[in-house]
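**Q** Once you've had a glance at the structure underneath, I'll fire off some questions.
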Amino acid sequence: MSGLPEGWCEAKLEDLAVVNPGRLEGVWSGATVSFVPMPAVSDVEGEIVSPSVRPFAEVSKGYTQFQERDVIFAKITPCMENGKIAVARSLENGVACGSTEFHIVRPLGGISADYIWRYLRQKSFRDDAEASMTGAVGQRRVPATYLKESQLPLPPLPEQRRIVTKIDGLTGKSKRARDHLDHIPRLVEKYKQAVLAAAFRGDLTREWRAAQPNGVAGGIDALTRVRDERNAARVRAGLRSKGRNRSVPSKVVNLVKLPRTWTWLTFDDCSWDMTVGHVGPMKDRYVAEGIAFLRSLNVRANRIDLRKVVFIDEAFSNELKKSRLHPGDLVVVRTGEPGVAAVIPPELAEANCSDLVICRLISSANPHFAAYYMNSDYAKSVVAGFQVGVAQQHFNVGAMSEMPLPFAPIEEQAEIVRRIEIAFTWIKRLASEATSASKLIDHLDQSVLAKAFRGELVSQDPADEPAVVLLERIKAERSVAPQPRRGRRVTS
């Protein structure tokens, strides 16, 4: 380091503090102490959250011991990388025992523990510490020698306190901003569901319906027309009748009142074919390249996720003709997250699947309209009532046949899909901007720390005792201090 302000100096951490001072002295028999496991250390606030209290005798061996105002530093990955570092405060009897994966830094000469903690919290410091790690992958640790040899910029004691106060004020503001931003994902989901609720009770297109010059076709005769269209499509496909028509079951209650030109139908009414993807063993059937084979994990709300897609060969796909997928098919998850739905896109003109309900809708039913509906809170509540199974809840074809669908005229379905997609695009942009803002706040916090340790955050006071004098005093005090005895310590 160079170019430090007047009154500052550079020092090794081991010149300012004792690193891993060892077992505590003077802990009496029968004492209780705070017990601090790794999860109790906050990643952000530098605090110990809700430590438990245990008898000292239970934790006097095999755990790291520390006391008030010690800085605890997680030395193991990924806890160190995530910033699990804290100043010990509010401990039972002023002492604690904790994870053996802590390094303990005990400041000397009145040096601010909060100043040291903030220096170690810098991402740049933790990045350098990561490069020093030793051990196997996944269990690598920062050696104590790295901390001891680390060089710190040291201001005078009064300036340390001024720096800590200034950082607290600035990061307090950024924390409040971050807290507000953290609420946005929850608000985003609530707003999406509000849009869907308005869409499927007809509110989203109320003005659109009123503006149609010739009105909107639909109404009470929709059931007959839809079933006629469905039956004709089955004949063209060479499919026999599925048997009795499925009506909205009695278990579905509180069907919302729909616009005059809408009606409640079932997916059985609107699907000329409904089946289930392949159910059976797949061991050794996957290949490196071939026909995309969708599973439940590939179906997300209103989209197909191909990041973990697997493949089968063409010969096996030909054996599974029933579960072949076509663009425009509505696929619904049976197991895992039952009821989640998406539409097969054009780029998956040749695909197959396992354990998904496949709905092939008539031309009077827009599959995207149906998918958005299935992913609404109302439809989810109906699906929950249909689920069967104890260890593994699933949603079967029979339940999908009986699922109620608020059926609107096809032109209005298309308009509803268009409006939902416009609203969702705006919501996605809002969420993206919130994520970017959170990252900017993180960068701002790190910039504040960097500025603080260059001596640019607060002004210097010429009357402050120079840091080099403080260092000399600490050195002198350590030279005359009694050395700790080695071996087993006896509590009194």
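The values are calculated or read from the model by the stated rules, or taken from the named source; none is laboratory data. None of the values given here were measured: they were computed from a predicted structure. In this analysis, Cβ positions are derived from the backbone assuming ideal geometry, glycine residues included, and neighbour counts consider all displayed protein chains. Only protein heavy atoms, including side chains, enter the accessible area calculation; ligands, DNA and RNA are left aside. Shrake-Rupley method; radii C 1.70, N 1.55, O 1.52, S 1.80 Å.
**Q** Here is a check on your reading of the model: is G138 in contact (Cβ under 8 Å) with a residue 60 or more places away in the chain and open to solvent by 30 Å² or more (accessible area, probe 1.4 Å)?
**A** Yes; evaluated as a whole, the condition is true for this residue.
**Q** Between a residue in the range 355-367 that is on the phi > 0 side of the Ramachandran plot and any residue that is basic (K, R) and open to solvent by 10 Å² or more (accessible area, probe 1.4 Å), which pairs come within a Cβ distance under 9 Å, given they are 6 or more apart or on different chains?
**A** Matching pairs, first to second residue: D355/R295; D355/R334.
**Q** So, one more: Those residues that are exposed (fewer than 15 other Cβ atoms within 10 Å of the Cβ) and either of a type in the set (D, E, K, R) or under 26 Å from the mean Cα position of the chain (by Cα) (or both), I need them from the range 90-126; list them, please.
**A** S124
**Q** Cβ-Cβ below 6 Å, separation at least six or inter-chain, first residue in the range 160-182 and under 18 Å from S42 (Cα atoms) and among the polar types (S, T, N, Q), second in a helix (DSSP H, G or I) and open to solvent by less than 40 Å² (accessible area, probe 1.4 Å): which pairs?
**A** Correct list of pairs: T171/D445; S174/I441; S174/D445.
**Q** Read through the list (1) modelled with pLDDT of 90 or more; (2) open to solvent by 10 Å² or more (accessible area, probe 1.4 Å); (3) among the small types (G, A, S), then give the number of the only condition that A129 fails.
**A** (2)
**Q** Taking the stated definitions as given, is I85 touching a strand residue (DSSP E or B) at 6+ places or on another chain (Cβ under 9 Å), surrounded by 15 or more Cβ atoms within 10 Å (Cβ to Cβ) and either closer than 30 Å to D464 by Cα or free of Cβ contacts under 8 Å to residues at least 60 places away in the same chain (or both)?
**A** Answer is yes for this residue.
**Q** Here is a follow-up. Would you say V137 is modelled with pLDDT of 90 or more and of a type in the set (V, I, T)?
**A** So V137 fails the test.
**Q** Still on this structure, I have one more. Residues of the range 17-73 being among the aromatic types (F, W, Y), more than 25 Å from T171 (Cα to Cα) and open to solvent by less than 20 Å² (accessible area, probe 1.4 Å), which ones?
**A** F35, F56, F66, listed by residue number.
**Q** Read through the list (1) part of a loop (DSSP other than H, G, I, E, B); (2) without any contact (Cβ under 8 Å) to a residue 40 or more places away in the chain; (3) within 22 Å of the chain's Cα centre (by Cα), then give the number of the only condition that G62 fails.
**A** (3)
**Q** While we're here: Restricting to the range 5-57, what's the tally of residues that are among the small types (G, A, S) and in a strand (DSSP E or B)?
**A** 4
**Q** Taking P158 as the residue in question, decide whether it is open to solvent by less than 10 Å² (accessible area, probe 1.4 Å) and not in a loop (DSSP other than H, G, I, E, B).
**A** Answer is no for this residue.
**Q** For A40, which of the numbered conditions (1) modelled with pLDDT of 85 or more; (2) touching a helix residue (DSSP H, G or I) at 6+ places or on another chain (Cβ under 8 Å) fails to hold?
**A** Result: A40 fails condition (2) only.
**Q** Let me ask you something else. Select from the range 271-322 the residues that are in a loop (DSSP other than H, G, I, E, B), open to solvent by 70 Å² or more (accessible area, probe 1.4 Å) and touching a strand residue (DSSP E or B) at 6+ places or on another chain (Cβ under 8 Å) and list them in ascending order.
**A** Within the range 271-322, V279, R285, Y286, A288, E289, L306 qualify.
**Q** Further, regarding this structure: Would it be correct to say that L152 is touching a residue at least 12 places away in the same chain (Cβ under 8 Å), surrounded by 17 or more Cβ atoms within 10 Å (Cβ to Cβ), outside any helix (DSSP H, G or I) and in contact with a strand residue (DSSP E or B) (Cβ under 8 Å, 6 or more places away or on another chain)?
**A** yes
**Q** Any residue at all in the range 459-473 that is touching a helix residue (DSSP H, G or I) at 6+ places or on another chain (Cβ under 9 Å), assigned to a helix (DSSP H, G or I) and either farther than 30 Å from R162 by Cα or open to solvent by 80 Å² or more (accessible area, probe 1.4 Å) (or both)?
**A** No, that holds for no residue.
**Q** Next up: Is the range 407-425 home to any residue that is touching a helix residue (DSSP H, G or I) at 6+ places or on another chain (Cβ under 8 Å), in a strand (DSSP E or B) and more than 30 Å from L170 (Cα to Cα)?
**A** Scanning the range 407-425, I find at least one residue that is touching a helix residue (DSSP H, G or I) at 6+ places or on another chain (Cβ under 8 Å), in a strand (DSSP E or B) and more than 30 Å from L170 (Cα to Cα), so the answer is yes.
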